[in-house]
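The values are calculated or read from the model by the stated rules, or taken from the named source; none is laboratory data. Note that the structure is predicted; figures quoted are calculated from it, not measured. So basically every Cβ, Gly included, is an ideal-geometry build from the backbone, and we count neighbours across all protein chains shown. For accessibility, only protein heavy atoms count, side chains too; no ligands or nucleic acids. Shrake-Rupley method; radii C 1.70, N 1.55, O 1.52, S 1.80 Å.
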Amino acid sequence: MIREETMSTLDRVVRGFCRLKNLNEVGTGDGFAIHFEEWEWEIGVGLYGFWRYAQFRQDAALQQSILEWYEQQIAKGLPEIQINTTAPMIALALVAGHHQRSDLLATVNDWADALLQDLPRTEEGGFQHVVKEQPNTGQLWDDTLFMTCLFLGVAGIVLKRRDLIDEAGYQFLLHTRYLSDPASGLWYHGWTFVDKHHFAGAFWARGNAWVTVAIPEFIELMGEHLDAGIRRYLSQVVARQVRTLCACQADNGMWHTVLDDPLSPQESSATAGIAWGMLRGVRMGILDDDVAAHALRAFDAVLARIDDGGIVLEASRGTMLGWDIQYYCDIAMAPVPYAQALTMLLLLEVEQGNWLGTTQ
């Protein structure tokens, strides 16, 4: 694939993201306007990918469209603060810092304070994975790291608040302790302090993808502000996970919904996220160079699942914490903004890292 084709595919995927009106609803437009009205984690991940794309393009119009979406949402009134509604705050913190908008920075500061003061905690001070559907009392989930802790870290940078960076670092450490399997390095979807177990004991692919991307992103975003010991520890955590991910990758480059169950469906959003995190980690020097070959196989597999309209196919819908493996196998496939975002970010990394050279 020549470089121009990579960029053409990236533009197509971004346009596909912009065509999504609501979850599972694809419109017919072909512009770069954001049509989503819901403030939730799905669009939050999408906005993070869209913002990174706009920055890469140095496109002021795209950046302005993101700013206008946030202005409209804030004018409407933001939803109740919990784990999943924090995901759109990641891009807002970056937008606020980029534009140095005091009103937006105040919104970021208020949200961060509310997380620290009001969000229910598990034992040992973990962020309880509160969502709109249920409180999930005493539960840690692996997706919390991307949805909430990345925001806290970025907010700490743009607000110059060390307490937010330290809290984000602590949450990464605590979630690693209870969700990372010491034998394989793979991550369980969730842990309950109430009953002391990992529910289905599932190594859910997209949950692992959130970790594969969140750790390198956190390390990179925090830069010199991250404690050296935490940086070293998290680098080893993701390296151990990735070694096992390489071993359980399917022959066609994909990963299965349940990583160690080859009979479970293959899933594109997880595959895109894992591949992005792998390439990012190799380029940062925290993963071995030979990991790149696995990531590029996954990249080819994801490309084969992008339709002519830029929609990423074979992505599964939002997934609650399951009590048995079959639950994860039965999650429906649908067009979803986080699959678009993770594929955008994978394509951006391939371009920025010059992973294909001039040809493949």
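Annotations for the structure displayed:
- Interatomic Cα distance distribution for the range 266-360, bins of 5 angstrom, percent: 2, 14, 23, 21, 17, 12, 8, 2, 1, 0
- Accessible-area composition of the range 158-201, carbon plus sulfur, in percent [1.4 Å probe]: 55
- For the options M284, M89, M147, a Gaussian network treatment of the chain with springs between C-alpha atoms closer than 10 Å singles out M284 as fluctuating the most.
- The HN-Hα couplings worked out from phi for the range 123-131 by the Karplus form 6.51 cos²θ - 1.76 cosθ + 1.60 (θ = phi - 60°) are 4, 6, x, x, 6, 5, 7, 6, 10 Hz, whole numbers, x standing for Gly and Pro.
- Helix-only [θ]222 nm of the chain, DSSP H runs n ≥ 4, -39500 (n - 2.57) each, per residue, nearest 500: -18000 deg cm²/dmol
- Probe 1.4 Å, accessible area per residue of the chain, Å²: 38
- Relative contact order (percent, whole number), the chain, Cα cutoff 8 Å, 6+ residue spacing: 21
- The chain: projected area of the alpha-carbon convex hull, averaged over directions, in nm²: 16.2
- Heavy-atom accessible area, probed at 1.4 angstrom with all protein chains present, ranks D113, D142 as D113, D142, highest first.
- Rg and Dmax of the range 188-286, both derived from C-alpha coordinates alone, stand at 14.4, 43 Å.
- Measuring with a 1.4 angstrom probe and ignoring ligands and nucleic acids, H197 comes out at about 50 Å² accessible.
- The listed residues I74, I43, once ranked by accessible area (1.4 Å probe) with the largest placed first, stand as I74, I43.
- Part-to-part distance (alpha-carbon centres) for the range 301-354 and the range 30-102, which is given in Å: 20
- Candidates G229, G97, G125, ranked by Gaussian network fluctuation over the chain, Cα under 10 Å, top entry: G229
- Computing Rg and the Kirkwood Rh from the Cα coordinates of the range 90-193 gives a ratio, Rg/Rh, of 1.01.
- Residues with amide H under 5 Å from that of H189, placed H, sequence gap 5 or more: A202, W204
- Rounded percent of accessible protein surface that carbon and sulfur make up, the range 220-325, 1.4 Å probe: 49
- Solvent-accessible area of the range 90-157 (1.4 angstrom probe, protein heavy atoms only): carbon and sulfur portion equals 48 percent.
- Taking trypsin sites (Lys or Arg not before Pro) across the range 195-285, the ones in a DSSP loop with at most 10 further Cβ atoms lying within 10 angstrom of their Cβ are K196.
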